[in-house]
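The structure appears right after this line, and notes come after that.
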Amino acid sequence: MRSRLSAVCLAAALVACGKASSKDTNTESKVVEGGTQTAAAGGGGGGGGGTQVAKVDAPQTPPARAAARGPERAVYSLVDNRLSAHLTRGGGLLLPAGSAGFAKYIRFGNVMKGGKKAWELRQTEGGVKVARMTGKSASVFVPLTAAQAARTSVRVRVFSKGEGALSVKVNDNKDLNGKLVSGWSTVELPVPAGQLKEGENAISFFAKPSEAAVAWIQVGGAAAPGDDGAVQFYDPAQKGLQLPKDSTLSWYVSVPEKGKLTGDLSDGSCQVGVLATAEDGSTAEGKLVGTGSAVDLSALAGKAVRLDLEGLGCAKTSLANAALVVPGAPPAVKRGAAPKYVLFIIMDSLRADRLRPINPKARPDVPNFEKLAESSAYFVNHYVQGNESQVSHAAMWTSMYLAKHKAIAMKDILPDKYLTIDEVAKKSGKFTAGASANGYIRPKRGYGSSWDKYVNHIESSLGLRGADLVEKGLSFITPKKDQPWFLYLGLIDTHVTWRAKSPWIEKYDPGYKGRFAKDYGDDGPGGSDGKDLTDREKEHVRALYDSNVSYQDDLLGKLIAKLQDWGIYDQTMIIITADHGDEQWEDGRVGHGGSSRETLVHVPLIIHYPPLFPAGKFTEGTEGVDIVPTLADALGVPTDAEWQGQSLIPLANGAAGGYPWMSFSSRYELSHAARIGHWKASLMATGAPKVYDLAKDKGEKTDVYGKASIGTRLVLDPAWIFRTWNAEWKKSQWGNPAAVSSRFAADLGE
């Protein structure tokens, strides 16, 4: 903790307050053999060679009750998100390897191509919770404070099948060598000054014999923990966070508007010191005492914050109901009549930044989008789950991430067992029709088995202009216009080849006479890979694209007019999104599939149906996997057990959210993007991630990984936890990875 909290610490507890002693520097490797363990049950991970015993201490002093502040609602529970907490013990960062929360310190690559994870999590060794190395080597990636980095030790509680060696490499420096004994031991390795650094650190372990089991790792500690490592951080009996003396728990969070930190202490002799340090260095601090007290964090609203909690006054402090709260009771979900009609439009390759409701500086004229947005729910931080058509469409159709649906290539077919969007509409009693000009989206490839009418215009050699798709779709439903119907339209005008659309091209780039006057594509006789264009030609290509944005907006206006002419507009739910965007030389490329830049994965999502979706702009992160559960919720169709997304109706009604959720996308299985608020990370398998502060760097030009630890960890902690359970994650049960529900840790046994 910072020195301002040190004043409340006892002199004997200086280590816990971040004060290094003259004994901080280790001069030789130490091995402590054997040992026993007594630890509180729960909280993930144990030490070496003993059993875990739960103990609940009776309160010594009755707690005081804070004055009432009026209704409040929790938007982020520290208790529910306990697996995101970082433990400080003995002044050093302590990694409970046996806890599922160890996932936030690891990395792995393409598991769909046979890639092997270096750590096998949630294992046991002789009744002790461990992470097991799957081979001879494994790494962890840890954030250190300046005080931790100044100390010079790495300690590991490890079980080995026989005598051998354990080497550690810190940030690509020379190996530090220690010994392994058969069974349990604590290996302490001195780290030369300067190798550990404030911020992110890479620490690699090499064990012989292989497949060593690790109970805990301590980095930058002034004092060695006991054999058990004091890894307990949650007591299920009290449903509270555990803060032993000389320890802290830290979370990387985003402070909501008017946010406060609250919590309850059952023992009046205990207190919790709170220090919030924001991404820009500003701070807020205070204490939690008794029950119902709060620390005001509103001065840090909208910022990424490291939130440090330190137990004071007791040998062990238990904190229940710890949460970030905002004023007001949760609103009730508005439940009007289900829509009789549904219009679902995917505008292929439509970038979010080309629509003025998201980017007021966007060039394309989109009057119909703007008018529709005034009476719709507009989700402005929406990600698709792929950066090209196949992965993202499959995610939208099935409510599954790539790790589960695994449809990457053209040859991949979605299994019939998946409950897809057309089947949801059919289960609600609707006539189902669809017309698409995306070559992937065909029923025989798994994209629907319940269509009453469907045509793929590429497959059937029909017109590919948006007007052709609209005409075909209307021809399907016009005879059924008085019956309940669901219509899907897959428009591709904003997908290459980009063809000039009048009158907009004349407005956006008048007088151009070059080789791309009429169109630009990446195939065919006049095709280009985008590398041989002049700056003037690139600007015209962008104008071609923008003319198609306006063209599709014009089609939207005509569709709305048709619904109004039929007298059914007020009974129609309109969902508009895209399957991906397109790069236009922001990073030297044009097209899609090549990265996870915002230009590719950030797309619009607008839902118009006031009886269920009050008008509003929602900044919480949403995803393409949420579309099918949202439609099912609106139509009264039961949720499918395999869906991974969640309905957005509670969010639109204010009964959920209030905290920036994480949006996630995959570039096939090669890399992944995660965004929370204005912080974005690109996960590059086992290599160093890239991190961007989009508030200052919309073009994603400056990687701040290792330089901005607070914002980095805000997004990396939930991203790697999510990646570890990507195929199993169900947001309807576990919540969003950025703010999980109480079921997440409980379902993992913690």
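No lab work stands behind these numbers, since they all come straight from the coordinates. The structure displayed is predicted, hence computed values, not measured ones. Don't worry about glycine lacking a Cβ; one is built from the backbone with ideal geometry, like all the others, and counts go over all protein chains shown.
Data table
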item: Projected label distance in nm at Asp587 and Ala320, using a 7 Å step from Cα toward the beta-carbon; result: 4.8
item: Summed residue charge, Cβ within 15 Å of Gly658's Cβ, Lys/Arg positive, Asp/Glu negative; result: 0
item: Percent of beta bridges antiparallel (DSSP, the chain, rounded to nearest 5); result: 80
item: Overall form of region 77-224 per C-alpha gyration tensor (a/c, 1.5; a/b vs b/c); result: rounded
item: For region 75-121: rounded, prolate or oblate by the Cα gyration tensor [a/c cutoff 1.5]; result: oblate
item: Region 405-449 versus region 81-105: alpha-carbon centroid distance in Å; result: 42
item: Computed label-point distance, nm, for sites Ala615 and Ser375 using a 7 Å Cα→Cβ extension; result: 0.8
item: Loop-located GluC sites (Glu not before Pro) in region 607-702 whose Cβ has at most 12 other Cβ within 10 Å (DSSP); result: none
item: Förster radius 35 Å - calculated FRET efficiency between Ile458 and Thr686, Cβ distance, rounded to 0.05; result: 0.35
item: Estimated FRET transfer efficiency when R0 is 60 angstrom, pair Thr61-Ile568 (beta carbons, to 0.05); result: 0.35
item: Relative packing of 119-131, 442-454, 506-518, which averages over residues the other C-beta atoms within 10 Å, highest first; result: 119-131, 442-454, 506-518
item: Net charge of Cβ neighbours under 10 Å - reference Asp412; Lys, Arg +1; Asp, Glu -1; result: +3
item: Under 9 Å, Cβ to Cβ, from Lys690 - net charge with Lys/Arg +1 and Asp/Glu -1; result: -1
item: Ranked list, fewest to most other Cβ atoms within 10 Å of each Cβ, for Ile575, Ile408; result: Ile408, Ile575
item: Separation between Cα centres of region 589-626 and region 236-304, rounded to whole Å; result: 33
